[in-house]
Each structure stands twice: as structure tokens, then as C-alpha cells.
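Worksheet: the structure to be examined is printed underneath.
FYI, it's all coordinate maths here, none of it is from the lab. As the structure is a computational prediction, the values presented were derived from the model and not from experiment. Heads up, the Cβs are rebuilt from the backbone with ideal geometry, glycines too, and the neighbour counts pull from every protein chain shown.
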Amino acid sequence: MTNLLISMEIMHDVFKTYAKRDGDAETLSKRELKELIQAELPGFLEKCASKEKENEEKVKQLVLGLDEDEDGKMNFTEFVIFLTAVILMIHGFEPSPCQKTK
């Protein structure tokens, strides 16, 4: 298996690991998404907010911004879009929504 295929399998496995915590393995709740971000993308939220309450609000905004079917949860398709945005931000192709504009 190629590195890219392995990476895609890992993304799917990570999604399923967190999504199933509330009994629904097909979507991430806000809580599950927050747990995933804190464990798998350490420092991501802290760049956006310095307090726990602000972190919770940032997770809520992430879900709302990507929640195309407006069900309050993140399905795997929405999760892949989220990861793509994170990859683009990390590599400087897109500005982080956490950065202040001048």
C-alpha cells in the first residue's frame, strides 16, 4: 500500500475512533470533534483561543462552518473538507481563521 493510501486509511480510522464514542460511528458530535482536535491536532485550538470557553466556541464555529447538511454534527465528508483546510493552513496556502487580519 502506498503512503497516500495509508494516510487515507488512518484519517478514516481516526474519524471512526472518535465518532463511535457517543454510539453513532457515522458522525462526530461537537464534543467528539473537540476531543479529536485536542488529541490529534495539539495546539490547533490554543492558537485560536486562550480559554476553555473560547475553545468550545471555536469548535462550535468549525462544525457550523462545515456542517453542509446542518445536522449539528460532522460526517466523514465534512471531516475530510476540514482536514483539507487544516493541511492548506499548515502549509501556508490559506490563512488560518485564527490569525488576526490587519
Can you give the FRET efficiency for Ala25 and Thr84, using 1/(1 + (r/R0)^6), R0 = 35 Å, r = Cβ-Cβ distance, to the nearest 0.05?
0.95
Under a crude label model (7 Å from the Cα following the beta-carbon direction), how far is His12 from Asp71 in nanometres?
1.8 nm
For the peptides 84-90, 31-37, 65-71, 17-23, what is the packing order when you average, over each peptide's residues, the other Cβ atoms within 10 Å and list the highest mean first?
31-37, 17-23, 84-90, 65-71
Derived scalar couplings ³J(HN,Hα) [region 77-83; Karplus, 6.51 cos²θ - 1.76 cosθ + 1.60; whole Hz; x for Gly, Pro]:
4, 5, 5, 5, 4, 4, 4
